[in-house]
Structure formats: C-alpha cells, structure tokens
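Down below is the structure, laid out as structure tokens.
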Amino acid sequence: MAKSELISRQSRQPSGWLGEIVARGMAFETARENRVAVERLAVRADESVLEVGCGHGRTLAGIAQTASGFVAGVDPSEVMVRLARRRLRRWIAVGQAEVTLGTGSSLPYPDARFDAALAVHVLAFWTDAVAELREIRRVLRPGGRVLLGYRPRDATTLAALPATVYTLRSVDETQRLLAEAGFGAVHSTEFALPNKRFVCTEAVSPASPEMSA
C-alpha cells in the first residue's frame with residue numbers, strides 16, 4: 001500500500017499534533033531496522049557517536065545504555081528533538097548526550113569530533129547527499145566509521161513511497177555517493193526483513209586529508 005504524501009511529509013519532518021502521532025508510530029515501525037544498524041555499527045564502549053536524523057531518540061538511547069562515550073543526535077523536527085531529549089534526559093543531565101535541532105548539512109560540531117556516525121531512513125530525504133556526507137566526514141576522526149541504513153530503490157519502494165517526498169537510491173548509487181564524498185572501504189549488506197528490503201552501507205573516513213582528495 002502506497003504511503004500518502006501527507007504522511008510522507010510528516011515522516012520527513014514531523015510537526016504539530018499529527019507529527020506527534022507519526023513520530024510515535026515511527027519509533028515502532030523502524031525499530032527492527034534501527035537495531036540492525038546499531039548491530040552493524042558495533043560501537044565500542046568508549047566511542048563517541050553521532051546520529052544524523054536521530055528522530056525519537058530510541059536508537060541513541062540504546063547506544064548510550066551499552067557505551068560510556070558521548071552520543072549526539074541532530075534532527076530538523078522540533079517534535080522529534082523534544083521526544084529525543086525526553087528519552088535521553090538522564091544521559092543529557094550528566095553530559096553524556098546531546099540532541100540538537102538542525103540538519104546534517106551544517107553540523108554543530110568541530111572537525112574530528114566523533115568515532116562513528118549513523119543515519120537510518122534519512123538518505124531518501126537528502127537532496128544533496130554528497131554535501132551531507134562530506135559534512136559527516138568532517139566531524140568524523142580519521143578512520144572513523146559511517147553507516148547509512150535505507151530501503152533501496154526498486155519497484156516495491158518506488159510504488160510505496162511518493163517521489164515528491166522521497167529520493168530513492170540504489171545500493172550502487174549510494175556506494176558511489178560515499179566514494180564521491182571522500183569515504184573509503186565502502187561496502188553494503190542487505191537484510192531481508194518482513195515485507196521489505198533493508199540495506200546498511202558502511203564506509204570509513206580517510207586516515208588523512210590527502211587520501212580524500
């Protein structure tokens with residue numbers, strides 16, 4: 001069944017009373033994919049992690065529960081930021097977590113701040129994916145890891161998700177975008193989840209600026 005344009009736009013950036021409903025539904029709808037992405041990222045106990053498009057904060061909270069490093073989330077939706085801050089309040093209170101209103105194209109962090117970054121179900125909302133990925137690379141330390149979790153473009157997703165809201169990309173295209181943004185060691189893993197395909201494409205930030213030239 002195709003998702004309506006109204007609900008799709010709310011999924012992109014929840015707002016108002018409908019956004020509250022959509023945001024809470026998304027927390028359950030995407031739970032399995034988020035778990036898969038976190039397992040693939042394999043965060044070590046002392047690593048600092050950034051989630052671009054952190055949404056409801058459930059994924060970040062899961063990371064904070066098992067790791068002692070700093071975790072940060074950025075999201076363009078005031079509704080999502082409010083929910084994420086509420087979910088992460090105990091880690092925010094001790095300075096282990098932070099949730100900021102904003103977009104991945106202008107991250108409020110210095111160069112080489114994070115060991116790892118992830119963005120799940122937001123690739124399809126990026127109009128200039130290379131710019132977003134370059135900004136993520138900027139805040140990753142040399143050798144840092146990035147993971148993109150997404151539904152790849154195929155006949156099913158094209159029929160289900162309106163092109164007026166979603167920019168769907170194939171696995172090959174996603175890998176090319178990461179390479180163009182300066183990442184190396186790009187590889188993808190596909191997971192057969194109930195009624196959908198889900199892909200995690202991972203890459204590594206170059207060890208030195210020269211390697212990304």
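Residue-wise HN-Hα couplings along segment 32-42, as the Karplus relation 6.51 cos²θ - 1.76 cosθ + 1.60 with θ = phi - 60° gives them from phi, are 5, 5, 5, 4, 4, 4, 5, 4, 5, 5, 6 Hz; Gly and Pro carry x. Applied to segment 88-101, the Karplus parametrisation 6.51 cos²θ - 1.76 cosθ + 1.60 on θ = phi - 60° returns per-residue 3J(HN,Hα) values of 9, 4, 6, 7, 4, 4, 9, x, 8, 9, 8, 10, 10, 7 Hz, with x for Gly and Pro. Amide H contacts of Arg169 (H built 1.01 Å from N, in plane; Pro and chain starts excluded): Arg153 sit under 5 Å, all sequence-distant by 5 or more or on other chains.
For Arg134, put the label point 7 Å out on the Cα→Cβ axis and report which residues of segment 78-109 keep their amide N under 19 Å from it. Residues 103-109 fall inside that zone.
Once the Cα-Cα distance is subtracted from the 0.36 nm per residue extended length, the Glu39 to Glu78 segment shows a gain of 11.3 nm.
The charge dipole of segment 94-155, taken about the Cα centre with unit charges on the Cβ atoms of Lys, Arg (+1) and Asp, Glu (-1), comes to about 160 debye, rounded to the nearest 20. Between Arg141 and Thr127, the distance separating the two model label sites (each 7 Å from Cα on the Cα→Cβ line) works out to 3.6 nm.
With K and R counted +1 and D and E -1, the other residues having a Cβ less than 11 Å from that of Ile92 yield a net charge of +4. Coupling constants for segment 51-61 follow from the phi torsions by the Karplus curve (6.51 cos²θ - 1.76 cosθ + 1.60, θ = phi - 60°), and in residue order they are 10, 8, x, 6, x, 5, x, 4, 5, 4, 4 Hz; glycine and proline get x. Amide hydrogen proximity for Leu147: with H placed 1.01 Å from N in the peptide plane, the residues at 5 or more positions away or on another chain lying under 5 Å are Ala117, Leu118, Ala119. Close amide H pairs (under 5 Å, H built 1.01 Å from N) link Val99 with Gly73, residues at least 5 positions away or on another chain.
Throughout, read-outs are computed from the coordinates displayed, never taken from laboratory work. These figures come from a predicted structure and were not determined experimentally. Quick reminder, even Gly has a Cβ in these numbers, built from the backbone with ideal geometry, and neighbours come from all protein chains shown.
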